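Undergrad: I am attaching a structure below and will ask some questions about it afterwards.
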Amino acid sequence: MRARTLGQAAAWIDDVGLALLLSNGDYVLPSLWEAVAGHSEVEWGVQNDEGKWVFTKEMNRVWTWKDDLAAQRLACVGLHLARTTSLVAPRLVSSVYAVTQDARETLEGLELEMSEAAAELGRPATRRELRLLLGADKRLGDRAVNALQRKLVLTNAGLDTEGSGWGATLHDLFARRWKAKLQKLPTREDALTALSTAVIRAAGEISAADLAAALRLRRREATETLGRLEAQRVVVPVRRDDLRLWAPAARGSSARSRAAGSRSSPRRSR
């Protein structure tokens with residue numbers, strides 16, 4: 001069933017746990033685009049009767065909902081998984097925050113200054129506003145925002161619609177925006193168990209490299225995590241030619257077989 005309303009999109013995200021905004025064959029994660037369009041080939045726009053390019057109906061929904069989901073805290077949206085915009089179900093917010101804890105201890109330079117400026121501001125702000133507060137140029141300022149999103153210092157908080165033209169994404173401190181979900185953090189092991197279980201149930205079959213890419217882990221830790229889940233009988237090992245893969249021990253309705261070609265071929269796991 002396709003997501004046709006914001007509520008259905010939120011329910012879908014809660015079901016899969018972790019997702020990308022748009023389909024990307026480099027990762028095993030499902031995408032909101034697929035939930036809306038029903039297929040993985042991204043279609044950005046069409047030419048209208050006036051000869052202007054506009055979003056397709058499906059892209060308009062996806063692009064609007066990414067801001068609405070973040071604004072209403074129906075999903076955590078930002079550069080938090082893989083290497084692209086992703087969505088995290090509220091129930092897994094504490095887990096993604098826990099596994100990036102070490103990264104937040106290395107802030108320095110412009111990243112540190114920007115996180116402090118966002119804290120002092122006390123509310124969501126656009127990239128431009130954060131840059132102006134620090135007198136940073138656009139290239140370095142945007143790079144710092146992206147890094148802070150990957151470290152889960154900043155997260156999307158909706159859209160600033162003031163002024164003319166396109167609205168600008170609002171960014172807020174992750175810990176401030178999701179404070180209610182971060183009262184008690186799981187251990188790193190428990191967090192990885194929760195996140196990895198979500199990935200494998202949505203993907204159907206994955207390699208250690210797939211898991212490492214989705215969660216931005218080192219290959220060794222991804223392999224160890226899958227081995228632990230295998231010992232707990234959460235996953236079972238699968239062989240596809242020379243590939244070592246893992247599949248859910250009990251497949252749910254949301255599991256998608258990688259062997260059936262729902263995504264690109266699994267990465268080789270050494």
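The values are calculated or read from the model by the stated rules, or taken from the named source; none is laboratory data. Note that the coordinates shown come from a computational prediction; the quantities given were computed from them, not determined experimentally. We place every Cβ from the backbone using ideal geometry, glycine too, and count neighbours over all the protein chains shown. With ligands, DNA and RNA removed, areas are computed over all heavy atoms of the protein, side chains included. Shrake-Rupley method; radii C 1.70, N 1.55, O 1.52, S 1.80 Å.
Undergrad: When ligands, DNA and RNA are left out and all protein chains stay put, how many square angstrom of accessible area per residue does the chain have with a 1.4 Å probe? Kindly include the intermediate steps, with their values, before the conclusion.
TA: Numbers: 13740 Å² over 270 residues.
Accessible area per residue, the chain: 51 Å².
Undergrad: How much length is gained on full extension from residue 241 to residue 56, taking 0.36 nm per residue of separation minus their Cα-Cα distance? All intermediate terms of the calculation are to be shown ahead of the outcome.
TA: Details: separation 185, 0.36 × 185 = 66.60 nm, distance 3.98 nm.
Extra length from residue 241 to residue 56 when fully extended: 62.6 nm.
Undergrad: Relative to the Cα centre, what is the charge dipole magnitude of the chain, using +1 at the beta carbon of each Lys and Arg, -1 at the beta carbon of each Asp and Glu, and rounding to the nearest 20 debye? Walk me through the intermediate numbers first.
TA: On the way: 42 positive and 33 negative charges, 166 e Å.
Computed charge dipole of the chain: roughly 800 debye.
Undergrad: Could you list which residues have their amide H under 5 Å from that of residue 81, counting only those 5 or more apart in sequence or on another chain, with H placed in the peptide plane?
TA: Amide H neighbours of residue 81, under 5 Å, 5+ apart: 86.
Undergrad: Give the relative contact order (percent, whole number) for region 92-226; include only Cα pairs under 8 Å separated by 6+ residues. List each step's numbers first, then the result.
TA: Working: 147 pairs, mean separation 38.1, N = 135.
It comes to 28 percent, rounded to a whole number.
Undergrad: Suppose the chain between residue 40 and residue 1 were pulled fully straight at 0.36 nm per residue; how much longer would it get relative to their current alpha carbon spacing? Could you put the intermediate results ahead of the total?
TA: Working: separation 39, 0.36 × 39 = 14.04 nm, distance 1.47 nm.
Here the answer is 12.6 nm.
Undergrad: Moving on. Filter 151/181; 151/184; 66/151; 66/184 down to the pairs with a C-alpha to C-alpha distance above 22 Å, please. Mind dumping the intermediate values first?
TA: Values: 151/181 17 Å; 151/184 19 Å; 66/151 20 Å; 66/184 27 Å.
In this structure, 66/184 exceed 22 Å between Cα atoms.
Undergrad: Region 1-117: D in µm²/s via Stokes-Einstein (Kirkwood Rh, Cα pairs, 25 °C, 0.890 mPa s)? Could the numbers behind the result be given before it?
TA: Details: Rh = 15.6 Å.
In µm²/s, the coefficient rounds to 157.
Undergrad: Now for a separate question. Could you state the angle between the C-alpha long axis of helix 188-203 and the longest principal axis of the C-alpha atoms of the chain, as a value from 0 to 90 degrees rounded to the nearest 10?
TA: Approximately 80 degrees, to the nearest ten.
Undergrad: Determine by what factor the alpha-carbon radius of gyration of the chain differs from 2.2 N^0.38 Å, reporting the quotient.
TA: On the way: Rg = 19.1 Å, N = 270, 2.2 N^0.38 = 18.5 Å.
My calculation over the Cα atoms of the chain gives 1.03.
Undergrad: To the nearest 10 square angstrom, how much accessible area does residue 179 have with a 1.4 angstrom probe?
TA: 130 Å²
Undergrad: For residue 160, enumerate residues with amide H under 5 Å from its amide H, sequence gap 5+ or separate chain, H modeled in the peptide plane.
TA: Correct list: 168, 169, 170.
Undergrad: Using only protein heavy atoms and a 1.4 Å probe, report how much of residue 97 is accessible, in Å² to the nearest 10.
TA: Near enough 40 Å² of accessible area.
Undergrad: While we're here: Ignoring everything except DSSP H segments at least 4 long, calculate the 222 nm mean residue ellipticity for the chain; use -39,500 (n - 2.57) per segment, divide by total residues, nearest 500.
TA: Numbers: 11 runs with 114 residues, N = 270.
Taken over the chain, the calculation gives -12500 deg cm²/dmol.
Undergrad: If I stretch the segment between residue 105 and residue 128 completely, what's the gain in nm (0.36 nm per residue apart, minus their alpha carbon distance), one decimal?
TA: Working: separation 23, 0.36 × 23 = 8.28 nm, distance 2.51 nm.
Extra length from residue 105 to residue 128 when fully extended: 5.8 nm.
Undergrad: Let me ask something else about it. Over region 1-84, what percent of the accessible surface lies on carbon and sulfur atoms, probe 1.4 Å?
TA: 46 percent
Undergrad: Taking GluC sites (Glu not before Pro) that fall in a DSSP loop and have at most 15 other Cβ atoms within 10 Å as cut points, what is the longest piece of the chain between them? The partial results should precede the final answer.
TA: Numbers: sites that count: 41, 43, 50, 108, 162.
No qualifying site falls inside 163-270, the longest such stretch.
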